[in-house]
Amino acid sequence: MSYIDFPKLGIELSIDRVAFRIFGIPVYWYGIFIALGFVVAIIVAFKQCNKFGVKQETIIDGMLYATPVAIIFARIYYVALEWDEYKDNLLEIFNIRKGGLALFGVLIGAFLTAYVYFKIKKLPFLKTLDFCIVYFPLVQSIGRWGNFVNQEVYGVGTELPWGMTGSIIGDLPVHPLFLYEAIWNMALFFLLLWFRKRKKFDGEIVYLYIIFYGIGRAWMELLRDRQFNLMLGDLKINSLIAGAVSLLFLIVLIIKRRKNKKIASVEAGSSEYGYLLKDNDKAEMKSEALSADQAVTADKAETDKTAADETESDGTEEDKSDEPSGKTNI
C-alpha cells in the first residue's frame with residue numbers, strides 16, 4: 001500500500017494505485033480520473049452546445065475519434081522523454097494503465113484530429129474549436145488527480161506548508177505540481193467559459209487557451225526536477241517550448257484584435273455596435289434637414305409678410321387720393 005503525506009499540514013493518506021479488480025484485471029485510479037474528466041466535460045458541453053449551434057453528435061463523434069489519437073500521441077511524447085526507461089523493455093510502451101501520458105502529446109493529437117474531422121464534416125474549424133477547447137482544461141484538471149495517486153508530476157524540494165512526501169516521492173517535501181496544475185486548469189476553464197460569449201473573432205478562445213496554458217506550464221516546468229525534463233545545458237526544454245508558444249500566440253492575438261478593431265472602425269456596422277453608429281448618423285442627417293426646412297419656411301414667411309405690408313401700404317395711398325378736397329372753386 002502506497003502512502004502520500006503532507007507533513008506540515010498533518011495529512012497522511014494510504015492510497016493504492018489500483019482502485020479495484022475485474023476478473024483479476026487491475027483497474028487503476030489514473031484511468032478512472034481521466035475517464036471521469038471526459039464524462040464531466042461531455043455532460044457540461046451537452047448542456048451548452050445548442051446555444052452555440054453545435055450538435056451533440058458532433059461532440060460525441062469528435063471525442064471518439066480524438067481520444068485514441070490523443071492517447072497515442074501522448075504516449076509517444078512521454079516515451080520519447082523517458083526513453084531510458086523503455087529501451088530495454090519495448091512491450092512496456094504499450095502498458096498505459098499505470099500512467100505515462102504527456103499532455104503536450106494530447107494537445108498535438110487532439111488538434112490534428114479536430115482539424116481533419118471538422119474538414120470532413122465541413123464545419124468551420126476555428127469557430128467549432130472555440131466551443132470545444134473550453135472543456136480541455138476541465139478534463140486536464142480532473143485528470144491530474146490520477147498523477148496524484150501515482151505520485152507523478154511533482155517538483156523540487158520546498159519548505160512551503162503544502163510540501164508533499166510519499167512512498168515513491170521520498171521523505172523530502174516537494175512541490176505538488178499536480179495540484180498547481182489542477183487549480184490552474186480549473187481557473188482557466190472558468191475564464192474561457194466566461195470569455196467565450198465575449199469573443200471578437202473566431203479562434204480567439206483557442207489563442208487564449210494556448211497562451212494561458214503555456215504560461216502555467218512554463219512556470220511549473222521550472223519547478224520540476226531536472227530528471228523529468230529534457231535539458232539544453234541548464235535550460236529546461238519543456239519550459240522553453242511552452243513559453244515560446246505562449247508568446248507567439250500572444251503576439252498573434254494582439255495583431256488580430258487590432259486588425260479586427262480597425263476594420264470595425266472603418267466599416268460601420270461590421271462590429272457588434274455598428275447599428276448604433278448608423279442610427280446616430282441618420283439622426284444627425286434628419287436634424288440637419290429639419291433645420292434647413294425650418295429656415296426655408298421662416299424666409300418664405302418673412303417674404304410673404306413683407307409683400308403683404310407693401311400691398312396694404314399701396315392700398316391706403318390710393319384711398320387717400322380718392323377722397324374729396326376740402327376747398328371749392330367758384
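FYI, it's all coordinate maths here, none of it is from the lab. From a predicted model like this one, the values you see are computed outputs, not experimental measurements. Note: ideal-geometry Cβ built from the backbone for every residue, glycine included; neighbour counts use all protein chains shown.
What to note about this one:
- Among residues of the range 100-113 that are over 17 Å from Ala242 (Cβ atoms), those with a beta-carbon under 8 Å from a residue that is part of a loop (DSSP other than H, G, I, E, B) at least six positions away or on a different chain give the pairs Gly100/Glu82.
- None of Trp219, Trp194 is out of contact with any helix residue (DSSP H, G or I) (no Cβ under 6 Å at 6 or more places or on another chain), more than 16 Å from Ile133 (Cα to Cα) and among the aromatic types (Phe, Trp, Tyr) except Trp219.
- Residue-level check: of (1) surrounded by 14 or more Cβ atoms within 10 Å (Cβ to Cβ); (2) within 27 Å of Phe131 (Cβ to Cβ), Ala19 misses just (2).
- Just one of the listed residues (Leu103, Leu129) is buried (at least 17 other Cβ atoms within 10 Å of the Cβ) and more than 30 Å from Leu9 (Cβ to Cβ), and it is Leu129.
- Listing of helices (runs of 4 or more DSSP H) fully contained in the range 1-108 that carry 2 or more residues being in contact with a strand residue (DSSP E or B) (Cβ under 6 Å, 6 or more places away or on another chain) and not polar (S, T, N, Q): 29-48
- Residue in the range 123-139 that is under 21 Å from the mean Cα position of the chain (by Cα) and without any contact (Cβ under 8 Å) to a residue 40 or more places away in the chain present: yes
- Among the residues of the range 1-14, those identified as among the hydrophobic types (A, V, I, L, M, F, W, C) and buried (at least 17 other Cβ atoms within 10 Å of the Cβ) are Ile4, Phe6.
- Of the candidates Val156, Val139, the single residue that is buried (at least 21 other Cβ atoms within 10 Å of the Cβ) and of a type in the set (Val, Ile, Thr) is Val139.
- Which numbered condition Arg17 misses (of (1) free of Cβ contacts under 8 Å to residues at least 40 places away in the same chain; (2) among the basic types (Lys, Arg); (3) closer than 30 Å to Pro161 by Cβ): (1)
- Test: residue in the range 85-94 that is over 30 Å from Phe131 (Cα atoms), loosely packed, with under 14 Cβ neighbours inside 10 Å and aliphatic (A, V, I, L, M): yes
- Check on Leu177, of a type in the set (A, V, I, L, M, F, W, C) and buried (at least 20 other Cβ atoms within 10 Å of the Cβ): yes
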